[in-house]
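These notes concern the structure reproduced below.
The values are calculated or read from the model by the stated rules, or taken from the named source; none is laboratory data. As the structure is a prediction and not an experimental result, all values here were calculated from the model. Every residue, glycine as well, gets a Cβ built from its backbone with ideal geometry; the counts of neighbours run over all protein chains shown.
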Amino acid sequence: MISRSAIGRNAQLALRRQCCAKPTGRRGLAAAASPSTSTRYENEDVAGVKVATRDVAGPTTKLAVVVKAGTRYEPLPGLAFGLERFAFKNTEKRSSLRITRESELLGGQLKAYHTRESLVIEAKFLQQDLPYFAELLGEVVSQTKYTTHEYKEEIMETMALRLHDKHADVSRVALDSAHHVAFHRGLGSALYPTSADVGRYVNEETIAAYASDAYAKSNIAVVANGASQAELSKWVGQFFTSVRASPQTPLSTKATTYYGGEERLAHGAGNSYVVAFPGSSSFTSGASYKPEISVLATLLGGQSTIKWSPGFSLLSKAALSFPGTNIATSHFAYSDAGLLTIQFTGDAVGIRDASAEAIKTLKAIASGSISKEDVTKAVALTKYNALEAAESLDTGLVLTGAGILHSGKPFQIEEVGKSFDSVTADKLKSAAKALLDGKSAVSAVGDLHVLPYAAEIGLNV
Amino acid sequence: MSAPSFANAIIKRPWLYRIMKPIANWYTNAAGYRQMGLRADDLIIEENDTVQKALKRLSPQESYDRVYRIRRAIQLSLSHQILPKEQYTKDEEDIAYLSPIIRQIEAEEKERGDLDSLMITKRSK
């Protein structure tokens, strides 16, 4: 008699072989549409407009216009937000209703948002519709009418609702406040203005004036994912001709200085506490890029990436004794500065104790007590996160767009990965020490009676 | 709800325009609204959604002036008087400040209607 396990084993092997017998270069439906699967962005200048594209095989395309006009560059608070809200409104050629209905018919999705440095207007659609959406984005950038009635009837109302939503979110308010304390003006300007600022400074005229400064060929980059370089260049060359060559009045691009300090805001909707340190600028910025800061952020961590386990990160282990307190460390990299933030959200008492514990942890790193294994894990995770961000459609597009605009260098995946390999325990130690010796930026939002002052948890501000 | 008008058809034909212009001038004066200090666009019936929306789109100054003219006209009507001659609406003051906005709103509504009843044909490859 043949034993059952023997048959089972053979069957398993046979199955496995069967699946391996497939040709290695096999690809799905996408293969026919576009033969290349490059992860590199190709960039070039088309009639003065910077164009970068990644020809990923697939039936869909994502096209974005990245404009160097985020909150950092706005001359008055709220203009970047207002300009974002005016995207896809009436243009000289067609009404916003027509834009909406036509895009719906083609199955396209339109979106506009802003970050501290960039304003992004993007469209996702089926590959064959590239000419239509290239024309649409070109039109939005150069021919939007900025009418009074649209501002009053549609935009003002949605702006107010959006702001209400944003200002109710304590963790967002705390991060904004930390940026403000750290960088003052420029990078420190609020991502979302207060409604008083909107009333004071934002209207269709100021927005239109900002648009004529922001939407200039020297200030925009067209980034695509899933379109061939030749095709994209052709359509951009055709549809972006009416964009003005240079801004009416160039937006101020003062270099960022780090100040540090403390800000405390009372808020009824929860508690959030942010401890921030000067970080490293983004990868595309070149010399001022310090990979060890990103690794330090991962090492501190706070959020687990593996289910059912607190993870290796030091703060997530520390957070175990403070249930109800959420700790997250992130590193915000901008073109010429960065901010390493440790954010605590949850109940005020938990935050008070957890923040003291976190600073102790950071001091321990600075004194050199890091295990080698943790460093390896942190480097690996940082690398993964950075690569994933570069590879993913959303972040990759914006990173690339911002990279080209600020330094003429797209975000190349391979190079980002390599930079983290050089990080060692010694580098982390000296980085942590430098952070603790320097000034930190601390922001407390919520129950100010309980939330600690920076001096109480042992920080210089 | 802009007032129906043959004006465009007439202006396109210079010979007809030359004939009609004196008649139009006579008619406008005879209509009597200028003697009350009103403009032609003040007479458009406003009790409907389109004109209400158009009125909201007027600038604050235009909106204030309109209300002033209408109140003055009502006052004159009550007291069975007309304005002194130098305060009549002059030809150059009698501009269409509202009807362009009304036409714009009507075009928007028409576009919406057209898009709602759209027929889709598949694109030929």
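Quick one: which of A:ALA432, A:ALA455, A:ALA402, A:ALA444 is farther than 27 Å from A:ILE365 by Cβ and outside any loop (DSSP other than H, G, I, E, B)?
A:ALA402
Take A:ALA441 and decide whether it is over 21 Å from the mean Cα position of the chain (by Cα), surrounded by 22 or more Cβ atoms within 10 Å (Cβ to Cβ) and among the small types (Gly, Ala, Ser).
No; evaluated as a whole, the condition is false for this residue.
Select, from A:SER189, A:SER171, the only residue that is under 16 Å from A:THR71 (Cβ atoms), touching a Ser or Thr at 6+ places or on another chain (Cβ under 7 Å) and not β-branched (Val, Ile, Thr).
Being under 16 Å from A:THR71 (Cβ atoms), touching a Ser or Thr at 6+ places or on another chain (Cβ under 7 Å) and not β-branched (Val, Ile, Thr) holds for just one of A:SER189, A:SER171, which is A:SER189.
Provide a single number: the residues in the range A:147-177 that are among the small types (Gly, Ala, Ser) and surrounded by 18 or more Cβ atoms within 10 Å (Cβ to Cβ).
Number satisfying all stated conditions: 3.
Taking the options B:LEU78, B:LEU118, B:LEU83, name whichever one is in contact (Cβ under 8 Å) with a residue 24 or more places away in the chain and either within 13 Å of chain A (Cβ to nearest Cβ) or aliphatic (A, V, I, L, M) (or both).
B:LEU83
With respect to the numbered conditions (1) under 24 Å from B:ASP116 (Cβ atoms); (2) touching a helix residue (DSSP H, G or I) at 6+ places or on another chain (Cβ under 6 Å), which one is the sole condition not fulfilled by A:THR100?
Going through the list (1) under 24 Å from B:ASP116 (Cβ atoms); (2) touching a helix residue (DSSP H, G or I) at 6+ places or on another chain (Cβ under 6 Å), A:THR100 breaks only (2).
So which of A:ALA297, A:ALA318 ends up being aliphatic (A, V, I, L, M), surrounded by 15 or more Cβ atoms within 10 Å (Cβ to Cβ) and closer than 30 Å to A:ILE404 by Cα?
On the way: A:ALA318 fails: closer than 30 Å to A:ILE404 by Cα.
Answer to the check: A:ALA297.
For residues that are at negative phi and not in a strand (DSSP E or B), tally how many sit in the range A:100-114.
Adding up the residues that qualify gives 8.
Test B:ILE101 against the stated conditions and say whether it is under 25 Å from B:ILE10 (Cβ atoms), within 14 Å of chain A (Cβ to nearest Cβ) and in a helix (DSSP H, G or I).
When the stated conditions are applied, B:ILE101 passes them.
Pairs needed: first member in the range A:369-380, surrounded by 12 or more Cβ atoms within 10 Å (Cβ to Cβ); second member anywhere, of a type in the set (Lys, Arg) and outside any loop (DSSP other than H, G, I, E, B); C-beta distance under 8 Å; at least 6 residues apart or different chains.
The qualifying pairs are A:ILE370/A:LYS429.
Residue by residue through the range B:29-55, note down the ones that are in contact with an Asp or Glu (Cβ under 8 Å, 6 or more places away or on another chain) and either more than 29 Å from B:ILE74 (Cα to Cα) or part of a helix (DSSP H, G or I) (or both).
If the condition is that a residue be in contact with an Asp or Glu (Cβ under 8 Å, 6 or more places away or on another chain) and either more than 29 Å from B:ILE74 (Cα to Cα) or part of a helix (DSSP H, G or I) (or both), then B:ARG34, B:ALA40, B:THR50, B:GLN52, B:LEU55 are the ones that fit.
Can you say whether A:THR144 is surrounded by fewer than 23 Cβ atoms within 10 Å (Cβ to Cβ), within 30 Å of B:GLU109 (Cβ to Cβ) and more than 14 Å from every other protein chain (Cβ to nearest Cβ), as far as the supplied structure shows?
In short, yes.
For the range A:248-272, name all the residues that are surrounded by 15 or more Cβ atoms within 10 Å (Cβ to Cβ) and either outside any loop (DSSP other than H, G, I, E, B) or acidic (Asp, Glu) (or both).
A:GLY261, A:GLU262, A:GLU263, A:ARG264, A:LEU265, A:SER272
Of the conditions (1) surrounded by 16 or more Cβ atoms within 10 Å (Cβ to Cβ); (2) within 14 Å of chain B (Cβ to nearest Cβ), A:LEU83 clears all except one; give me its number.
Of everything listed in (1) surrounded by 16 or more Cβ atoms within 10 Å (Cβ to Cβ); (2) within 14 Å of chain B (Cβ to nearest Cβ), A:LEU83 misses just condition (2).
So that you can scan it fast, the table gives a plain yes or no per residue for (1) polar (S, T, N, Q); (2) modelled with pLDDT under 90; (3) on the phi > 0 side of the Ramachandran plot; (4) buried (at least 22 other Cβ atoms within 10 Å of the Cβ):
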| residue | (1), (2), (3), (4) |
| --- | --- |
| A:GLY408 | no, yes, yes, no |
| A:PHE411 | no, yes, no, yes |
| A:SER419 | yes, yes, no, no |
| A:SER422 | yes, yes, no, no |
| A:ASN460 | yes, yes, no, no |
